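> This is the structure I have questions about; it appears just below.
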Amino acid sequence: MRPSIIRLGALALALVLAACGQRGSREERTDGGLPVGRGGQGLGGTCAGQQSFLIGSGIHDITGPAAEVGMMGYVELKQQTAGIHQRLRSRAFVIASPCNGKRVVFVSADLGMVFQGVKQQVVQRLKATFGPLYSDENVLLSATHTHSGPGGYSHYALYNLSTFGFELKNFEAIVQGIYQSIVRAHEHLAPGRITLAAGDLLDASRNRSTEAYRLNPPEERARYAYDTDKRMTLLRFTKESGAEVGLINWFAVHPTSMGQYNQYVSGDNKGYASYLFEKEKGTRYDATGDTFVAAFAQGNEGDVTPNIFGGEDGGGRDDFESTELSGRKQYERAASLYSSATTPLTGGVDYRHVYVKMDDVTVGPAFTEGEPAHTCPAAIGISMLSGAEDGPGVGGGEGATCAAMHDVWSAFTCATTTTACQAEKPIVLEMGTLKPFPWSPEVLPMQLVTVGNVALVAVPFELTTMAGRRLRETVRARLAPAGVTEVVIAGLSNAYAGYVATREEYARQEYEGASTHFGPWTLAALQQEFDKLARALREGSSVPPGPTPRDLCQQQSRLRPGVLFDDKPLWVAFGDVFADARDSYARGETVRVTFWGGHPKNNLRLQGTFLRVQRRAGLLLWEDVAYDWDWETKYTWRRGYCLPTLACSHVLIEWAIPLDAAPGTYRIVHEGDWKSGWDGRVRPYRGTSRTFTVK
C-alpha cells in the first residue's frame, strides 16, 4: 500500500454512519463426515505416513463497484474505478485429514488486503451455516495484493480515507463471495491426494529497495543467490477419481504491473495467471458445480516488484502488456511445476492460532541483539508518503526528506517527531494512539497451518524478502525435526497492518521500514510468537487465544452517496446504441460499441457479466464467446452529461478480436441496470450492437 493519506485526515471526521453487511445462509450443512478436530498428538502422531485427504475447491465472484469508488493499494485520489478488465475472484480450498478429523480452509482472494472485518464477517457466516466446524483457528484468508480493486472495505479509518469512508456494497460483495467460495469447496469435498513441486522462477521479480536489503549482514546475504525469493512452491490437488481439483502456488511479487493511473478493475499479474490456467482447464465461473481452481497466492513480497526494468517499467508498451508479461511468466512456471508435481504430501492437517497485541510485545533476547526489546504503538514514517519506486508518491518513490517534498507538504511533513521506541523513524502519523479507535488494528492474528509436510505461516503483513526468510527459518527450526520439509509465507492474511522489515532494513527508513507500524523489533516479535506456535504444534499442546480484537462492524461511516437515479435523453431507451460497430473487422482489430447505460453500482452483476460477445450459431441462435472477465474485453463506464441532469451514463464495450477467432457473424451485447428517480426501483436493461463479420 502506498498512501497519500495525511491530507485526507480531516475528512474522516465528516463521514456519515453506514451499516455492515449481515447476509449469509443459516442453513445447517453437513460436516463431510469428519468430527471437528481439537487438541492433537503433535505432528506425526496418528497421521504419520498418511497420504489421504479430503479435498474440495470453490470459486466465486468478489468484484465490487466498477465505477466511482477509490481503488485500494496506491491510495491515489484520482484512481477511481471506471470499468472492468478482469473480474476479481475468491479461490477457496478445504483440506480435511481423515486420520485426525481436522480440516483447514485456504483462500486466495483477488484483493489488495484481507482486512480484519472481512475475516470476522466470513467466519461469522460460516459459523451460522456449519456451527463450530470452521473458526478463526482453521480458516486462512489471504490476498493476492492487487492494487486495482475497489477499496473502502476496511473497518479501520487509515485504509478508507481515499474512498471517503466505508463502501458497503464492496464489503458485502467481498465477504459474501469469500463465504460462498468456501461453501462450494466444502460441498465438493471428496477423497484425494495432494502433491508438491517447487522451483525457481527467474526474470519475473526484482528488489525495489536494494540499499536497505544490503544492510542485512553479509554472511546472511551470502546464503542466498538472489536478493528476492525466486522459489515458487506449488500444491496440486487431485481426487481419487482422477479429476483435477486445482492448484495453489506461492510466489513473492507485487501485483503492481497495473500502475497507479489505471482505473479498470483487475486482478493484475496474479489474476491474469489464474485466468490463463483456469481457461486452459475449462473453469466455469458462472457454474455452481465442481470446477478447476488455480490460486496464485502471495508470499513475502514486501520489497519485490514485477517491474524488472526499474521504476514502473515491466517491459510492456503499457500496463496491460506488462501485466501479460508478468502473469504469463508465473503461469508458465506453474504449468511446468503442475505437470511435474509427483511428490505426495505425507501426514495430517493441523493448525495453531493466536491473537497478539502487536503494539505491546516484550521480545526476549533470543530474538533481538541480546537485550530485551519492545514493540511500539503503530506509526508511519515520512518515507511512506513518498511511496515505493513502483508506486511513487510525493517524494518520487526513493525515500523522503523534507527537501524532497512538495511545498504543500513541507510545513506538515518537516514537523516530524520520533520516539525512543520507534528509533530511526521520523513519524508523520501515530495512528495507534488516535481516539476513540486506532486508525489501524493492533490486535492481530498469527496463524500456523500444516498440511502434511508443508507449513503455511500466515501473517497480516507484507514481509520483505529477508524478513520472510528469517521467519521461515524460525518455523523450520521447530518443525523440521517433526517432518516438515517446506515452509511457506502466506502474506497479507486474515488482517492487515502494513509492512515488516528486518531491523537492519528498518534503520534506513525506506518505504518498507517507514511502513513497519510497530517499530524496529516487529520482525523479532513475529519470530517469537511463531516460535511459540510451532512449538505447540509440534508438541500437540494448545495455545491461549490471546486478546479478542475489536469488532467495528457497526461503527462504519461514509461520505460519498450512492446512485440517486439514472437519466437519458427522452428519445432513447436504456441499452440503445450511442456509437455502433462497423460492418466488418479483421482478426487483431478492436471492436468498440458505446451504449446509453446505467450506473454499475445499481447491480454488481456478481457471477454474471456486463457484456457478452456473441457469434451466430444458427438462424436464431447465438453463442457467447467472451465476457467481461476475458482478457480481450473491456467494460468502461463514463458519466454522460445530458441536460438538465448529470445522471446519464455511457458504457463503452471493447473486444480485441483474437488472432485465432473463428470467422463468422458477431454482435456485442451489453447488460445493465438503471435506477428510476421516480420510484427508486432498479430495473434491468439489455442492448445489442449491429451484427458485424470477422474475416
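> For Val361, indicate whether it is β-branched (Val, Ile, Thr) and modelled with pLDDT of 95 or more.
Details: β-branched (Val, Ile, Thr): yes; modelled with pLDDT of 95 or more: yes.
Criteria met by Val361.
> Would you tally the residues in the stretch 241-273 being of a type in the set (S, T, N, Q) and within 13 Å of the chain's Cα centre (by Cα)? Give the steps one after another, and end with the answer.
Narrowing the stretch 241-273 to residues of a type in the set (S, T, N, Q): 241, 249, 256-257, 260, 262-263, 266, 269.
Those left that are additionally within 13 Å of the chain's Cα centre (by Cα): 256, 266, 269.
Here the count works out to 3.
> From Ala82, Ala128, Ala96, which residue is among the hydrophobic types (A, V, I, L, M, F, W, C), closer than 23 Å to Leu189 by Cβ and not in a helix (DSSP H, G or I)? First the steps, then the outcome.
Values: Ala82 fails: closer than 23 Å to Leu189 by Cβ; Ala128 fails: not in a helix (DSSP H, G or I).
Criteria check complete, one pass: Ala96.
> Kindly evaluate Tyr355 against the criterion of being of a type in the set (Phe, Trp, Tyr), over 23 Å from Thr433 (Cβ atoms) and at pLDDT 95 or above.
Details: of a type in the set (Phe, Trp, Tyr): yes; over 23 Å from Thr433 (Cβ atoms): no; at pLDDT 95 or above: yes.
Considered against the rule, which asks whether it is of a type in the set (Phe, Trp, Tyr), over 23 Å from Thr433 (Cβ atoms) and at pLDDT 95 or above, Tyr355 comes out as no.
> What single numbered condition from (1) without any contact (Cβ under 8 Å) to a residue 12 or more places away in the chain; (2) not in a strand (DSSP E or B) fails to hold for Glu623?
(2)
> Right, here's the next one. Give me a count of the residues in the stretch 163-179 that are over 16 Å from the mean Cα position of the chain (by Cα) and surrounded by fewer than 24 Cβ atoms within 10 Å (Cβ to Cβ). Steps first, please.
Narrowing the stretch 163-179 to residues over 16 Å from the mean Cα position of the chain (by Cα): 163-169.
The next check asks that each one be surrounded by fewer than 24 Cβ atoms within 10 Å (Cβ to Cβ); those that pass are 164-165, 168-169.
Selection size over the stretch 163-179: 4.
> Of all residues being assigned to a helix (DSSP H, G or I) and acidic (Asp, Glu) in the stretch 497-513, which is nearest to Tyr159 (Cα to Cα)? Just the residue, please.
Restricting attention to the stretch 497-513, the residues satisfying the condition of being assigned to a helix (DSSP H, G or I) are 503-508, 511-513.
With acidic (Asp, Glu) added as a condition, the list becomes 504-505, 512.
On the way: Glu504: 27, Glu505: 25, Glu512: 17 Å.
Across the stretch 497-513, the extreme among qualifying residues is Glu512.
> From the list Gly56, Gly73, which residue is at pLDDT 50 or above and either exposed (fewer than 14 other Cβ atoms within 10 Å of the Cβ) or under 21 Å from Thr163 (Cβ atoms) (or both)?
Details: Gly56 fails: either exposed (fewer than 14 other Cβ atoms within 10 Å of the Cβ) or under 21 Å from Thr163 (Cβ atoms) (or both).
Checking each option against the conditions leaves just Gly73.
> Within the bounds of the stretch 145-161, is there any residue that is under 26 Å from Pro436 (Cβ atoms), in the same structural domain as Ser97 (by TED's automatic domain parsing), among the aliphatic types (A, V, I, L, M) and under 18 Å from the mean Cα position of the chain (by Cα)?
To start, the set of residues in the stretch 145-161 that are under 26 Å from Pro436 (Cβ atoms) comprises 151-161.
Adding the requirement that they be in the same structural domain as Ser97 (by TED's automatic domain parsing) leaves 151-161.
Those left that are additionally among the aliphatic types (A, V, I, L, M): 157-158, 161.
If we keep only those that are under 18 Å from the mean Cα position of the chain (by Cα) too, we end up with 158.
There is at least one residue in the stretch 145-161 that is under 26 Å from Pro436 (Cβ atoms), in the same structural domain as Ser97 (by TED's automatic domain parsing), among the aliphatic types (A, V, I, L, M) and under 18 Å from the mean Cα position of the chain (by Cα).
> If you don't mind, another one. Considering only residues that are polar (S, T, N, Q) and farther than 13 Å from Thr665 by Cβ, look in the stretch 595-622 and name the one that is nearest to the chain's Cα centre (by Cα). Reasoning before the result, please.
First, the residues of the stretch 595-622 that are polar (S, T, N, Q): 602-603, 607, 609, 614.
Still in the list and also farther than 13 Å from Thr665 by Cβ: 602-603, 607, 609.
Working: Asn602: 24, Asn603: 22, Gln607: 18, Thr609: 21 Å.
Ranking the qualifying residues of the stretch 595-622, first place goes to Gln607.
> Follow-up question, since we're still on this one. I'd like the full set of residues that are part of a strand (DSSP E or B) and not acidic (Asp, Glu), limited to the stretch 328-360. Before the answer, list the steps.
Initially, the stretch 328-360 is screened for residues part of a strand (DSSP E or B), giving 343-344, 349-357.
Hits for the stretch 328-360 are Thr343, Pro344, Val349, Tyr351, Arg352, His353, Val354, Tyr355, Val356, Lys357.
> Based on what the data block shows, is Tyr275 at pLDDT 95 or above, more than 19 Å from Ser142 (Cα to Cα) and touching a helix residue (DSSP H, G or I) at 6+ places or on another chain (Cβ under 9 Å)? Give the steps one after another, and end with the answer.
Details: at pLDDT 95 or above: yes; more than 19 Å from Ser142 (Cα to Cα): no; touching a helix residue (DSSP H, G or I) at 6+ places or on another chain (Cβ under 9 Å): yes.
Here the answer is no, as Tyr275 does not meet what is asked.
> Please tell me if Gly672 is without any contact (Cβ under 8 Å) to a residue 24 or more places away in the chain and either under 34 Å from the mean Cα position of the chain (by Cα) or over 14 Å from Gly575 (Cα atoms) (or both). Lay out the reasoning, then the answer.
Values: without any contact (Cβ under 8 Å) to a residue 24 or more places away in the chain: no; either under 34 Å from the mean Cα position of the chain (by Cα) or over 14 Å from Gly575 (Cα atoms) (or both): yes.
For Gly672, the condition - without any contact (Cβ under 8 Å) to a residue 24 or more places away in the chain and either under 34 Å from the mean Cα position of the chain (by Cα) or over 14 Å from Gly575 (Cα atoms) (or both) - is not met.
> Of these, Gly387, Gly381, Gly399, Gly393, which one is at pLDDT 95 or above and not assigned by TED's automatic domain parsing to the domain that holds Ser257? Explain how you work it out, then say what you get.
Values: Gly387 fails: at pLDDT 95 or above; Gly399 fails: at pLDDT 95 or above; Gly393 fails: at pLDDT 95 or above.
Only one candidate qualifies: Gly381.
> Only one of these is surrounded by fewer than 21 Cβ atoms within 10 Å (Cβ to Cβ) and within 25 Å of the chain's Cα centre (by Cα): Arg592, Arg587, Arg550. Name it. Break it down stepwise before answering.
On the way: Arg592 fails: within 25 Å of the chain's Cα centre (by Cα); Arg587 fails: within 25 Å of the chain's Cα centre (by Cα).
Step by step, each of Arg592, Arg587, Arg550 is checked, and only Arg550 is surrounded by fewer than 21 Cβ atoms within 10 Å (Cβ to Cβ) and within 25 Å of the chain's Cα centre (by Cα).
> Something else now. For Glu505, are the conditions met, namely being buried (at least 24 other Cβ atoms within 10 Å of the Cβ), touching a Ser or Thr at 6+ places or on another chain (Cβ under 8 Å) and assigned by TED's automatic domain parsing to the domain that holds Pro218?
Values: buried (at least 24 other Cβ atoms within 10 Å of the Cβ): yes; touching a Ser or Thr at 6+ places or on another chain (Cβ under 8 Å): yes; assigned by TED's automatic domain parsing to the domain that holds Pro218: yes.
When the stated conditions are applied, Glu505 passes them.
> Sort through Arg592, Arg587, Arg605, Arg612 and tell me the only one that's farther than 27 Å from Gly165 by Cα and in a loop (DSSP other than H, G, I, E, B).
Details: Arg592 fails: in a loop (DSSP other than H, G, I, E, B); Arg605 fails: farther than 27 Å from Gly165 by Cα; Arg612 fails: in a loop (DSSP other than H, G, I, E, B).
Going through Arg592, Arg587, Arg605, Arg612 in turn, just one is farther than 27 Å from Gly165 by Cα and in a loop (DSSP other than H, G, I, E, B): Arg587.
> Let me ask something additional. Return a yes/no flag: does the stretch 629-641 have any residue that is in a strand (DSSP E or B) and over 22 Å from Gly64 (Cα atoms).
Taking the stretch 629-641 and keeping what is in a strand (DSSP E or B), we get 633-641.
Retained after the next criterion (residues that are over 22 Å from Gly64 (Cα atoms)): 641.
Scanning the stretch 629-641, I find at least one residue that is in a strand (DSSP E or B) and over 22 Å from Gly64 (Cα atoms), so the answer is yes.
> In addition: Can you spot a residue in the stretch 208-220 that is touching a strand residue (DSSP E or B) at 6+ places or on another chain (Cβ under 8 Å), assigned to a helix (DSSP H, G or I) and at pLDDT 95 or above? So that I can check it myself, show each step before the final result.
As a first pass, look at the stretch 208-220 and keep what is touching a strand residue (DSSP E or B) at 6+ places or on another chain (Cβ under 8 Å): 208-209, 213.
This time we only want the ones that are assigned to a helix (DSSP H, G or I), so: 213.
Narrowing further to those that are at pLDDT 95 or above: 213.
Yes; the residues of the stretch 208-220 include at least one that is touching a strand residue (DSSP E or B) at 6+ places or on another chain (Cβ under 8 Å), assigned to a helix (DSSP H, G or I) and at pLDDT 95 or above.
Conditions (1) in contact (Cβ under 8 Å) with a residue 12 or more places away in the chain; (2) surrounded by 15 or more Cβ atoms within 10 Å (Cβ to Cβ), marked per residue:
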site: Asn207; (1), (2): yes, yes
site: Glu211; (1), (2): yes, no
site: Asp227; (1), (2): yes, yes
site: Arg231; (1), (2): yes, yes
site: Gly242; (1), (2): no, no
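> Sticking with this structure for a sec: Can you tell me which residue in the stretch 76-108 is farthest from Ile489 (Cα to Cα), limited to those that are polar (S, T, N, Q) and buried (at least 24 other Cβ atoms within 10 Å of the Cβ)?
Taking the stretch 76-108 first, the residues polar (S, T, N, Q) are 79-81, 86, 90, 97, 100, 108.
Applying the additional criterion that residues be buried (at least 24 other Cβ atoms within 10 Å of the Cβ) yields 81, 86, 90, 97, 108.
Details: Thr81: 31, Gln86: 26, Ser90: 19, Ser97: 22, Ser108: 13 Å.
Filtering the stretch 76-108 for residues that are polar (S, T, N, Q) and buried (at least 24 other Cβ atoms within 10 Å of the Cβ), the one farthest from Ile489 (Cα to Cα) comes out as Thr81.
> Pull out all pairs, ordered by first then second residue, where Cβ-Cβ is under 8 Å, the residues are six or more apart or on different chains, the first lies in the stretch 275-289 and is in the same structural domain as Arg87 (by TED's automatic domain parsing) and farther than 18 Å from Asp110 by Cβ, and the second is of a type in the set (Lys, Arg) and outside any loop (DSSP other than H, G, I, E, B).
Close Cβ pairs (under 8 Å, with a partner that is of a type in the set (Lys, Arg) and outside any loop (DSSP other than H, G, I, E, B)) amount to Thr288/Arg184.
> When Tyr285 is evaluated against the numbered criteria (1) in contact with a Phe, Trp or Tyr (Cβ under 8 Å, 6 or more places away or on another chain); (2) at pLDDT 95 or above, which criterion, by number, is the only one it fails?
(2)
> Which of (1) closer than 21 Å to Thr464 by Cα; (2) within 19 Å of the chain's Cα centre (by Cα) is the odd one out, the single condition Thr210 does not satisfy?
Checking Thr210 against (1) closer than 21 Å to Thr464 by Cα; (2) within 19 Å of the chain's Cα centre (by Cα), the one that fails is (2).
> What residue, among those in the stretch 361-381 that are of a type in the set (Gly, Ala, Ser) and assigned to a strand (DSSP E or B), is nearest to the chain's Cα centre (by Cα)? Walk me through how you get there before you give the answer.
Let us first name the residues in the stretch 361-381 that are of a type in the set (Gly, Ala, Ser), namely 364, 366, 370, 373, 378-379, 381.
When the remaining residues are screened for being assigned to a strand (DSSP E or B), the result is 373, 381.
Working: Ala373: 32, Gly381: 24 Å.
Going through the qualifying residues, I end up with Gly381.
> Another question, if that's okay. Given the structure, is Gly314 touching a Lys or Arg at 6+ places or on another chain (Cβ under 9 Å) and either more than 30 Å from Ala190 (Cα to Cα) or modelled with pLDDT under 95 (or both)?
Numbers: touching a Lys or Arg at 6+ places or on another chain (Cβ under 9 Å): no; either more than 30 Å from Ala190 (Cα to Cα) or modelled with pLDDT under 95 (or both): yes.
No.
The values are calculated or read from the model by the stated rules, or taken from the named source; none is laboratory data. All of these numbers come straight from a predicted model, not from anything done at the bench. When we count neighbours, we look across all protein chains shown, and the Cβ atoms used for this are built from the backbone with ideal geometry, even at glycine.
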